[in-house]
Amino acid sequence: MIELKNITKDFEVNKNNTVRAVNNINLSIKEGELIVLKGASGSGKSTILSLIASLSKPTKGEVIVNNKRVSKLPDNFASMYRREEIGFIFQKYNLIPTLSVKENILLPLIPKNLCEEEASKLLHSVMKKFKIEHKSDAMVKNLSGGEQQRVAIARSQINNPKIIIADEPTANLDKELSEHFITILKELKSSDKTIIVATHDPLFFELDFVDRIIELANGEIIK
Ligand SMILES: Nc1ncnc2c1ncn2[C@@H]1O[C@H](COP(=O)(O)OP(=O)(O)OP(=O)(O)O)[C@@H](O)[C@H]1O
């Protein structure tokens with residue numbers, strides 16, 4: 001369960017100016033729910049994602065994730081929380097082009113110090129699941145857009161996170177790749193993950209497997 005309670009987030013632009021990115025939001029997301037955050041540029045979508053991931057702290061209010069008050073976590077605990085519970089899918093994949101597919105996918109496991117056998121088991125299971133095993137030794141820069149997308153998603157899942165956060169996941173994709181992403185999203189949803197997608201891509205607004213579409217404007221929930 002993810003709970004945002006009376007959350008306000010101000011950013012200091014300079015000494016005399018602040019921007020209120022999120023204004024007194026209340027939101028509860030149940031385990032296994034797929035939520036789409038919709039809203040114009042600047043409406044506060046990314047800010048909400050970063051508060052849930054404990055990448056930033058609210059100015060007021062509390063963020064509670066699975067009974068943990070993540071809005072109060074010191075930095076080292078916040079990064080542990082992210083590593084263990086959250087899978088990120090970014091719009092530009094954030095892959096390292098000169099590393100191979102398997103090296104990229106293994107990156108989130110580095111801090112865990114698993115033995116080689118265990119790491120290899122996890123690696124092969126996500127590569128198989130996201131159909132990229134045949135390219136495991138290829139350098140990422142030589143892959144097609146669709147293949148890179150599968151690497152990014154495999155990497156986000158290697159820790160088996162309970163929560164998936166996707167910020168504008170289709171922003172740089174053509175129609176075919178966007179539709180492919182939707183197929184993967186459906187698979188993730190059926191494996192009972194809690195998923196939060198921030199987007200203004202209309203493709204997400206007609207999906208029958210999305211539980212709720214939450215519309216934001218000027219840092220407030222309007223629908
Ligand atoms: N680090 C920051 N410093 C100052 N202002 C910020 C910062 N981050 C966000 N903002 C401001 O907060 C508001 C909300 O931004 P946010 O990135 O959450 O919007 P968004 O809905 O995700 O937009 P987009 O769709 O363009 O990504 C905007 O006015 C933005 O300029």
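What follows draws every value from the coordinates through simple rules; no lab data is involved. Owing to the predicted nature of the structure, the values given are computational and were not obtained by experimental measurement.
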Rounded to 10°, Cα long-axis angle of helix 175-190 versus longest principal axis of the chain: 80
Quick one: helix 145-157 against the long Cα principal axis of the chain, what's the angle to the nearest 10°, folded into 0 to 90? 70
Nearest 10 degrees is fine. How inclined is helix 116-129 to the longest principal axis of the chain, computing both from alpha carbons? 80
Among Lys30/Lys223; Lys45/Lys112; Lys9/Lys189; Lys5/Lys175, the pairs whose Cα-Cα distance exceeds 25 Å are Lys45/Lys112; Lys9/Lys189; Lys5/Lys175
Aspartates and glutamates with Cα under 18 Å of Lys72, excluding same-chain neighbours fewer than 8 positions away: Glu3, Asp10, Glu62, Glu84, Glu85
Cross-link partners among aspartates and glutamates for Lys141, C-alpha distance below 17 Å, same-chain residues fewer than 8 apart left out? Glu103, Glu133
Amide H to amide H under 5 Å from Leu216: which residues, 5+ apart in sequence or cross-chain, H placed 1.01 Å off N in plane? Lys38, Gly39, Ile222
Contour minus end-to-end for Asn14 and Glu215, with contour as 0.36 nm per residue of separation and end-to-end as the Cα-Cα distance? 69.5 nm
